[in-house]
Amino acid sequence: MIIAQISDIHAAADNDNLSRLDRALAWLDIIAPDVLVLTGDLIDNGEIEDYTAIAARLATRPYPAFILPGNSDNRAAMRTVLNARYWTDAGKGPLHFVMNFKKLRLIGLDTTVEGTATGQGAGHLSWLQDALLAKGPSASMLFLHHHVFECGIAPMDRIMCGGSAALGALLRDHPRRPLALATGHAHRPAAGTLAGIPAYLSGSICPANPLWLGSATIPPAADPPALMIHRLANGSLASHFIVV
């Protein structure tokens, strides 16, 4: 089973990020994933018409797509334009989702907080507990927008997922702990762990942030559009960082 992940498009009239998305989707056409998860920040500058443009592109693909919001998104506009029936919010609140797909449960945890770029997961742990324990596949992947481990880029770590310690405490010894956590937000690929579970930070469709770890000079960044591929086979998950 192949799960594709795209994050941080940040589409707007003053950038070419929809063209960068087209490059990523064209590459995915070759791979032919079973499913695509978009981990937030689809638009920029509140330009909600770009939701329609993104939805039109996804509608031409043969695989299903599941979408989480990021801090630059407008949840009300997402409900109106995207009208995704898999969200569990009943028209209000967080845009979580749970989908059993073949032998894997895909869980999307909405960590956005209105009015701030910082994420928060601790307030959703009861919902997540229910999602993990619900009838269906025991193997799962957990998707969030905000990263859950410090990536070393200080400005982004200041607005990472708050409550990550509480999230880790829930998952550490959980009988159905996820195979991996997959996030975005920092516009820079990275790998880490949370409570001993592999945690991935996908690169972005939009231009990448530099890998600035505190040096006197900020290093340049000219990364192509980035995405991730997660492959589940024989009960083992392998995750790949891709640029196109």
In the stretch 53-135, trypsin sites (Lys or Arg not before Pro) in a DSSP loop with at most 15 other beta-carbon atoms within 10 Å: ARG85, LYS92, LYS102, LYS103, LYS135
Average accessible area per residue (Å²) across the stretch 68-113 - probe 1.4 Å, nucleic acids and ligands excluded: 44
Beta bridges per DSSP with both ends in the chain, % antiparallel, nearest 5: 50
Among beta bridges that DSSP assigns inside the stretch 59-195, antiparallel share in %, nearest 5: 40
Förster radius 30 Å - calculated FRET efficiency between ALA53 and ASP173 (Cβ-Cβ, nearest 0.05): 0.10
Carbon + sulfur, % of accessible area of the chain - ligands and nucleic acids excluded, 1.4 Å: 55
Long-range amide H partners of SER72 with built H, under 5 Å: ASP41
Cβ-placed point charges (K, R +1; D, E -1), dipole of the stretch 84-146 about Cα centre in debye, nearest 20: 380
13 Å beta-carbon shell around TRP127, net charge (K/R +1, D/E -1): -3
Cβ-based charge dipole, the stretch 125-244, positive-most Cα from MET141, MET160, ALA226: MET141
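Rounded to the nearest 20 debye, what is the charge dipole size of the chain about its Cα centre when +1 sits on each Lys and Arg Cβ and -1 on each Asp and Glu Cβ?
That gives the chain a dipole magnitude of about 1000 debye.
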For the stretch 1-62 versus the stretch 123-198, the gap between their alpha-carbon centres in whole angstrom: 22
Residues of the stretch 150-229: accessible area per residue with a 1.4 Å probe, Å²: 42
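The values are calculated or read from the model by the stated rules, or taken from the named source; none is laboratory data. Predicted, not measured: the structure shown is a model, and the values here were computed from it. Positions of Cβ are generated from backbone atoms using ideal geometry, with glycine treated the same way; all protein chains shown enter the neighbour counts. With ligands, DNA and RNA removed, areas are computed over all heavy atoms of the protein, side chains included. Shrake-Rupley method; radii C 1.70, N 1.55, O 1.52, S 1.80 Å.
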